[in-house]
1. Enumerate the pairs (first residue in the stretch 46-60 and farther than 20 Å from SER73 by Cα; second residue anywhere and polar (S, T, N, Q)) with beta-carbon separation below 8 Å, excluding pairs fewer than 6 apart on the same chain, so at least 6 apart or on different chains.
2. Looking only at the stretch 50-70, decide whether some residue is within 15 Å of PRO31 (Cα to Cα), at pLDDT 70 or above and hydrophobic (A, V, I, L, M, F, W, C).
3. Could you list, in sequence order, all residues of the stretch 75-97 that are within 11 Å of CYS46 (Cβ to Cβ) and at pLDDT 85 or above?
4. Name the single residue that is farthest from VAL41 (Cα to Cα) among those in the stretch 98-116 being out of contact with any Gly (no Cβ under 9 Å at 6 or more places or on another chain) and at pLDDT 85 or above.
5. Checking PRO35 against (1) part of a helix (DSSP H, G or I); (2) at pLDDT below 85; (3) surrounded by 11 or more Cβ atoms within 10 Å (Cβ to Cβ): exactly one of these is not met. Which one?
Amino acid sequence: MPITVYWIQIRYVCVTHLVSFSEQVGAALRPAFSPETPSHVTAAACQVCSAWIGSGVARDLNDLRRVHQLLVSSLAKLRRGTAATQLYNESLATLERLAILKAWAEVSPLTLLCEI
């Protein structure tokens, strides 16, 4: 079998398992968006949130709302600007900003599709 078939099978297994843990995903990600969280942790959490929303795994609207609200809270870190830079280096702060913007760039087209 080609590698892409294996990847699809692995992804399917992962997605089906994630459905049963949807509440736990949101709860596990919540601390990653607090203001004192290191930039690289928030960056990784943004990637997980956008992948979660984009995967269509969340069947419950409340679970989807919770993860979306975490992404909304990440915008506060963008507005604060250089506050995180004082605690961590500039490259990590830039990584965080780019991860937040990338997550929103991945989620935004999905919201447009849902409105159609």
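The values are calculated or read from the model by the stated rules, or taken from the named source; none is laboratory data. The model shown is predicted, which means the values in this text are computed figures rather than measured ones. Here the Cβ is made from the backbone with ideal geometry for all residues, glycine too, and neighbour counts use every protein chain on show.
1. VAL57/SER22; ARG59/SER22; ASP60/SER22
2. Yes, there is a match, as at least one residue in the stretch 50-70 is within 15 Å of PRO31 (Cα to Cα), at pLDDT 70 or above and hydrophobic (A, V, I, L, M, F, W, C).
3. LEU75, LEU95, GLU96, ARG97
4. The qualifying residue farthest from VAL41 (Cα to Cα) is ALA105.
5. Unmet for PRO35, out of (1) part of a helix (DSSP H, G or I); (2) at pLDDT below 85; (3) surrounded by 11 or more Cβ atoms within 10 Å (Cβ to Cβ): (1).
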